[in-house]
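> I have a structure here, written as structure tokens, and I will follow up with some questions on it.
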Amino acid sequence: MLMQCLFVGIGGFFGAISRFIISTKVQNYSKSSVFPYGTLCVNFLGCLIIGFLSGIVLHSNYLNLDLQNLLITGFLGALTTFSTFGFETYALIRSRAITLAVINILLQVVIGITLLWFGFFIADILF
Amino acid sequence: MRKRNIVKLKLLLFQSLIVGIGGILGAISRYLLENFVMFFTGKTLFPLGTFVVNMLGCLLIGMIFALIDNYSSVGSRVRLFFITGYLGALTTFSSFGLDTFKLIISNHIMIAVFNILIQVVIGLFAVWLGYVVIRIIGRIRRV
């Protein structure tokens with residue numbers, strides 16, 4: 001348990017920092033500070049990669065439990081976020097931008113799962 | 001390299017360190033919580049572990065943002081550590097997506113749809129609840 005926590009923690013360290021840097025840069029780049037492009041970006045990226053890695057786990061034994069804890073539970077779990085997504089949607093609703101809130105939810109869920117499937121599909125082909 | 005750029009880089013590194021440490025704690029909290037939930041409920045079809053950490057994270061983010069709004073002395077470092085670092089790592093969208101995807105491909109479409117709806121709806125409710133509770137406590141204390 002302790003060793004697994006270590007791997008999860010290390011992955012979490014880099015995942016959180018990656019999320020911080022990527023989402024800040026993306027949000028600054030998109031002049032619209034209203035729509036949460038930053039969070040969308042990191043969540044999309046995380047979904048794509050977790051689909052791919054899950055495919056690898058399913059079709060091969062290249063990723064042992066330690067690597068899974070490091071990359072999937074640790075890194076991707078910290079790279080993506082549900083709380084920020086929830087708060088940003090809530091903030092949109094509170095500022096009466098209900099349509100944007102609904103769009104945010106739909107985009108996150110639909111494109112997120114599509115990307116996840118795509119990553120899985122690629123891993124399926126390669127392994 | 002311009003001095004201004006070096007200062008900016010140092011700031012970014014410092015902020016990243018704060019976020020990173022929060023991230024370590026958040027990820028480990030998530031790991032332990034999910035195992036804890038699974039220990040009690042066994043392997044369920046509905047992804048209870050992910051649900052619990054995500055809803056908890058939403059509740060807490062509402063509360064912390066209310067604290068930031070109420071008490072402006074709470075600095076940006078708190079926000080970086082608790083919200084970006086800890087809560088960002090405590091909650092996960094990738095696991096949520098994977099859980100939903102696994103439900104879909106194992107032909108449990110209804111549970112997949114239910115998972116999406118309940119996490120979004122209760123998540124938003126939790127953010128609102130956390131925010132409102134702190135605001136109310138703040139008002140009571142001022143009276």
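> Would you mind stating whether residue A:35 is in a helix (DSSP H, G or I) and either of a type in the set (A, V, I, L, M, F, W, C) or under 20 Å from residue B:57 (Cα atoms) (or both)?
no
> While we're on this one: Scanning the range A:30-40 for residues that are surrounded by fewer than 22 Cβ atoms within 10 Å (Cβ to Cβ) and among the polar types (S, T, N, Q), which turns out modelled with the lowest pLDDT?
A:32
> Moving on to the next point. Which residue pairs have Cβ atoms closer than 7 Å, lie 6 or more positions apart in sequence or on different chains, and pair a first residue in the range B:24-48 that is closer than 17 Å to residue A:71 by Cα and within 13 Å of another protein chain (Cβ to nearest Cβ) with a second residue that is part of a helix (DSSP H, G or I) and aromatic (Phe, Trp, Tyr)?
Taking only residues 6 or more apart or on different chains, the pairs are B:24/A:13; B:25/B:86; B:26/B:86.
> Another question, if that's okay. Could you count how many residues in the range B:93-143 are free of Cβ contacts under 8 Å to residues at least 12 places away in the same chain, within 20 Å of residue B:55 (Cα to Cα) and either not in a helix (DSSP H, G or I) or not hydrophobic (A, V, I, L, M, F, W, C) (or both)?
Number of matching residues: 3.
> Additional query: Which of the following residues is within 14 Å of another protein chain (Cβ to nearest Cβ), modelled with pLDDT of 95 or more and in a helix (DSSP H, G or I): B:13, B:67?
Going through B:13, B:67 in turn, just one is within 14 Å of another protein chain (Cβ to nearest Cβ), modelled with pLDDT of 95 or more and in a helix (DSSP H, G or I): B:13.
> Okay, moving on. Mind listing just one residue for me: the one in the range B:72-89 that is in contact (Cβ under 8 Å) with a residue 24 or more places away in the chain and more than 7 Å from every other protein chain (Cβ to nearest Cβ) and, of those, surrounded by the most Cβ atoms within 10 Å (Cβ to Cβ)?
Here the residue is B:86.
> I need the full set of residues from the range A:1-23 which are of a type in the set (A, V, I, L, M, F, W, C), more than 11 Å from residue A:76 (Cα to Cα) and under 15 Å from the mean Cα position of the chain (by Cα), in order please.
A:17, A:20, A:21, A:22
Conditions (1) free of Cβ contacts under 8 Å to residues at least 60 places away in the same chain; (2) in contact with a Gly (Cβ under 7 Å, 6 or more places away or on another chain); (3) buried (at least 19 other Cβ atoms within 10 Å of the Cβ), marked per residue:
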{"site": "A:6", "(1), (2), (3)": "yes, no, no"}
{"site": "A:17", "(1), (2), (3)": "yes, yes, yes"}
{"site": "A:25", "(1), (2), (3)": "yes, no, no"}
{"site": "A:28", "(1), (2), (3)": "yes, no, no"}
{"site": "A:42", "(1), (2), (3)": "yes, no, yes"}
{"site": "A:66", "(1), (2), (3)": "no, no, no"}
{"site": "A:80", "(1), (2), (3)": "no, yes, yes"}
{"site": "A:86", "(1), (2), (3)": "yes, yes, yes"}
{"site": "A:90", "(1), (2), (3)": "yes, no, yes"}
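> From the list B:24, B:61, which residue is buried (at least 23 other Cβ atoms within 10 Å of the Cβ), β-branched (Val, Ile, Thr) and under 11 Å from the mean Cα position of the chain (by Cα)?
B:61
> Can you give me the number of residues within the range B:114-134 that are facing another protein chain (nearest Cβ under 9 Å), surrounded by 22 or more Cβ atoms within 10 Å (Cβ to Cβ) and not β-branched (Val, Ile, Thr)?
So the count comes out to 4.
> Follow-up. Name every residue in the range A:60-109 that is farther than 30 Å from residue A:5 by Cβ and more than 11 Å from every other protein chain (Cβ to nearest Cβ), in order of residue number.
A:95, A:96, A:97, A:98, A:99, A:100, A:103, A:107
> Does any residue of the range B:102-113 turn out to be modelled with pLDDT of 95 or more, surrounded by fewer than 22 Cβ atoms within 10 Å (Cβ to Cβ) and at positive phi?
Checked against the condition, which is being modelled with pLDDT of 95 or more, surrounded by fewer than 22 Cβ atoms within 10 Å (Cβ to Cβ) and at positive phi, the range B:102-113 yields at least one hit.
> Now for a separate question. If you check residue B:6 against the conditions, is it away from chain A (no Cβ under 12 Å), over 22 Å from residue B:123 (Cβ atoms), in a helix (DSSP H, G or I) and among the hydrophobic types (A, V, I, L, M, F, W, C)?
For residue B:6, the condition - away from chain A (no Cβ under 12 Å), over 22 Å from residue B:123 (Cβ atoms), in a helix (DSSP H, G or I) and among the hydrophobic types (A, V, I, L, M, F, W, C) - is met.
The values are calculated or read from the model by the stated rules, or taken from the named source; none is laboratory data. For clarity, every value in this text was computed on a predicted model and none was experimentally measured. Neighbour counts run over all protein chains shown; Cβ positions are idealised from the backbone, glycine included.
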